[in-house]
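> This is the structure, below, for whatever I ask next.
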Amino acid sequence: QVQLVESGGGLVQAGGSLRLSCAASGGTLSSYNMKWFRQAPGKEREFVAVVSAGGGIYYPNSLKGRFTIARDNAKNTVYLQMNSLTPEDTAVYYCNANSPGAGMDYWGKGTLVTVSS
């Protein structure tokens, strides 16, 4: 059973940056596709970024250029660097480890990011 713990959220002014971390225990992340999602108040959960087990990276067009996902398999950790933040980025950010072939899907409890104007 993989446990995921997100950290790095907080309050930041518009235009600022934050780096989120997702640390795993109970399993090795290298074999998982690692994703970040976010959920703003009153809205549905939204996909933010993915780094596959093979290293492929994808972002939705709306976030390209501002967000960067990276994984450090040696530290069993995935990161999300967020730059040029706006109030619209305010949300709880969740980490997800997914292995479709093995039928495994794990979620962290989230970390809150608040961007003030």
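The values are calculated or read from the model by the stated rules, or taken from the named source; none is laboratory data. Source: prediction; values computed, not measured. Methodologically, a virtual Cβ is constructed for each residue, glycine included, from the backbone with ideal geometry; neighbour enumeration extends over all protein chains shown. The protein model used for the area step is the full one, side chains on, heavy atoms only, and it has no ligands, DNA or RNA in it. Shrake-Rupley method; radii C 1.70, N 1.55, O 1.52, S 1.80 Å.
> So, for the chain, what is the accessible surface per residue at a probe of 1.4 Å, expressed in square angstrom? Write down the numbers at each step before the final one.
Values: 5950 Å² over 117 residues.
Accessible surface, normalised per residue, equals 51 Å².
> Follow-up. Would you tally the net charge around Thr77, using a Cβ to Cβ cut-off of less than 12 Å, leaving Thr77 out, and scoring K and R as +1, D and E as -1?
+1
> While we're looking at this one, here's another question. Using the Cα centre of the chain as the reference point, and only Cβ charges (+1 on K/R, -1 on D/E), how large is the resulting charge dipole? Debye, rounded to the nearest 20.
About 120 debye.
> Now for a separate question. Arrange the peptides 72-81, 53-62, 90-99 so that the one whose residues have, on average, the most other Cβ atoms within 10 Å appears first.
Most protected by this proxy first, the peptides run 90-99, 72-81, 53-62.
> When the Kirkwood radius is taken over all Cα pairs of the chain, what Stokes-Einstein diffusion coefficient follows at 20 °C and 1.002 mPa s, in µm²/s?
After rounding, the answer is 152 µm²/s.
> Same structure, new question: Calculate what fraction, in whole %, of the accessible area of the chain sits on carbon and sulfur atoms when a 1.4 Å probe is rolled over the protein chains.
Exposed carbon and sulfur together represent 50 percent of the surface.
> Continuing with the same structure: What net charge is computed for the residues neighbouring Cys95, neighbours being all others with C-beta under 10 Å from the C-beta of Cys95, Lys and Arg scored +1, Asp and Glu -1?
Result for the neighbourhood of Cys95: +1.
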